[in-house]
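Report on the structure given below.
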Amino acid sequence: MDITNLKFLFYGYSAAWIIITAFVLLLVSRGRRIDRELARLRALVENKERS
Amino acid sequence: MTHGFRTAYAIARKDLRTELRTKESLNAAASFAVVILVLFSFAFPLERDEFYAISGGLLWLVYSFAGALIVNRGFARELPNDCLDVLIASRAPGWAIFLGKAVAAFLLLLIVEFICLPVFGLFYNIRWTDSFGSLVLVIVLATWGITVVGTAFSAVTVNVRVRELMLPVLLYPMIIPLLIGAMEATTVLLSGEAMAGDNLYSLQLLVVFDVIYTALALYLIDYVLVV
Amino acid sequence: MREKATYLLGALGALVMISNLHTIFVGLPDDALQGMIFRIIFIHVPADLVADLFFTIALVTSVLFLARKNFIYDSITVACIEVATMLILVNLVTGSIWGRNQWGVWWTWDLRLTTQLMKFVLYMSYLVVRPAIAEPTQKATMSAIIAIFAYADVPLVWMAIRLPNVRTNHPSPVMGNGKMAAVYNAPFGMGMLALLLIGSALVLLRLHQETSQREIDSLRRELHAA
């Protein structure tokens, strides 16, 4: 195998994967925040309905 | 249909009359444009002949900055005293309101542009009087494109936070093809070449842009103008 | 149910991607001129193609939202546009790295790269303006309209950059599309599939979040009203 330009290939794939991973992490953290807020609001509504 | 056109005419006349009486945005846009012209002269210390190559680009950058200022007022003008809600609730068809405002903005922007043109020629020593007819055609086509997209986005962003920032953020990327065509055509004309052969492609681009976005805006504006 | 689908798609996509990477690095002959860097094409071009697919889906759902006023369409639109914008960024960055290696410059204003940059800028403006609209129905309606306008702009950008005198001072490098040898077709297809699966998983995830957000908004209104 001709390994010229291997360094750049590595940079290329790393960049692609870093971007995708960063996006996934962003989505997941936003998702956790939304789930927390939703749970909190649902509990509040339940308390209100009970009282 | 004629009712619609009559409404559009009435709205255009109202907008023009209000603006020409106070001259608020006219003055702001025209002075802003002149200031930018001066700024650019410091930014690009070029020889006279080299300058022709970027003349079209420079002119249309200035015009698009002025354009954003003018279209920003378009629907925002109706916000005080709930005028916008009344307009929407009235019998006036959405496309007529839009058309009236777009035409008014178009004419106002044309006024600013034709004020700037001699100033531009003066500061940069550019002859713009040869092939003046073709130049006017290019200016009219491209200005219509800027105002039709700008007025549509003015309606879209009328209730948005930080409207003065959001409108340019939306507008500029959208009109880039139009600006490319206009810049190219203007550079060609100011450099003394004829508007023929390959150069007609930029005119085609302007026309296609105008047709597509006028149709889109007129069709979609009813979804935007809801109370 | 939907969560299972999301995880399944994601896992499947990851598997396909890994197997494809194996094929790319071990199973393929080299390109005579470019050496190893040529293999970047297996993520560079699929990223663009999958992004274009998602932009088209976003266009369709935007129109559907305006016609039917069902908020699910708006959620699909924003999810597709977010994922597609991210993929365009992947396309731009990998293209830039490839360009730095092959032509010595990080950027050149040729037809393809400029169109990609324009797509990125256009849909970024969508993503920037959307949060600034407070009221949910208006947010969805205005977003749909912006998405439709943005999609119409892309062919016009393509038309504009092909103007004769624009950008002729830079060479127009060919990235080898359409000229690949047959042996490359399988990894290319697998790369497409992998990104499609991963992209769809992300869209579903984002869609789920949009629905939760809408439930949050309605719960808030209920609490305030009582």
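The values are calculated or read from the model by the stated rules, or taken from the named source; none is laboratory data. Note that the coordinates shown come from a computational prediction; the quantities given were computed from them, not determined experimentally. Every residue, glycine among them, receives a Cβ derived from its backbone with ideal geometry; neighbour counts consider all protein chains shown.
Computed values, structure above
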read-out: The stretch B:133-147, subset crowded, with 24+ Cβ neighbours inside 10 Å and of a type in the set (A, V, I, L, M, F, W, C), residue farthest from B:L218 (Cα to Cα); value: B:V138
read-out: Number of positions in the stretch C:129-165 that are of a type in the set (D, E, K, R) and either in contact with a Lys or Arg (Cβ under 6 Å, 6 or more places away or on another chain) or within 7 Å of another protein chain (Cβ to nearest Cβ) (or both); value: 1
read-out: Test for C:L59: is it without any contact (Cβ under 8 Å) to a residue 12 or more places away in the chain and surrounded by fewer than 22 Cβ atoms within 10 Å (Cβ to Cβ); value: no
read-out: Helices (runs of 4 or more DSSP H) contained entirely in the stretch B:128-227, each with at least 3 residues that are farther than 19 Å from B:S64 by Cα and within 9 Å of another protein chain (Cβ to nearest Cβ); value: B:200-224
read-out: Selection status of C:R39, touching a helix residue (DSSP H, G or I) at 6+ places or on another chain (Cβ under 8 Å), surrounded by 23 or more Cβ atoms within 10 Å (Cβ to Cβ) and free of Cβ contacts under 8 Å to residues at least 40 places away in the same chain; value: yes
read-out: Qualifying residue in the stretch A:5-23 (condition: in a helix (DSSP H, G or I) and more than 30 Å from C:I41 (Cβ to Cβ)); value: no
read-out: Condition broken by B:A92, with the remaining ones in (1) buried (at least 16 other Cβ atoms within 10 Å of the Cβ); (2) in contact with a Ser or Thr (Cβ under 8 Å, 6 or more places away or on another chain); (3) assigned to a helix (DSSP H, G or I) satisfied; value: (3)
read-out: Exclusive hit being without any contact (Cβ under 8 Å) to a residue 12 or more places away in the chain and not aromatic (F, W, Y), set B:E113, B:E50; value: B:E50
read-out: Selection status of C:P187, modelled with pLDDT under 85 and in a helix (DSSP H, G or I); value: yes
read-out: Single condition B:D130 does not satisfy, out of (1) closer than 23 Å to C:M159 by Cα; (2) surrounded by fewer than 16 Cβ atoms within 10 Å (Cβ to Cβ); value: (1)
read-out: When residues of the stretch C:61-105 are limited to those that are in a loop (DSSP other than H, G, I, E, B) and either in contact with a Cys (Cβ under 9 Å, 6 or more places away or on another chain) or closer than 30 Å to A:G12 by Cβ (or both), the one modelled with the lowest pLDDT; value: C:W103
read-out: Single residue of the stretch C:117-128 satisfying the filter (more than 7 Å from chain B (Cβ to nearest Cβ) and of a type in the set (A, V, I, L, M)) that is farthest from C:L92 (Cα to Cα); value: C:L127
read-out: Residue list for the stretch C:85-105, restricted to those being over 16 Å from the mean Cα position of the chain (by Cα) and facing another protein chain (nearest Cβ under 9 Å); value: C:S96, C:I97, C:W98, C:R100, C:N101, C:Q102
read-out: Complete set of residues in the stretch C:200-226 that are of a type in the set (S, T, Y) and more than 7 Å from chain A (Cβ to nearest Cβ); value: C:S200, C:T211, C:S218
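A quick yes/no check of all residues on (1) within 20 Å of C:E222 (Cα to Cα); (2) facing chain C (nearest Cβ under 7 Å); (3) at pLDDT below 90:
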position	(1), (2), (3)
A:N5	no, yes, yes
A:Y11	no, yes, yes
A:A16	no, yes, no
A:I20	no, yes, no
A:F23	no, yes, no
A:L27	no, yes, no
A:E49	yes, no, yes
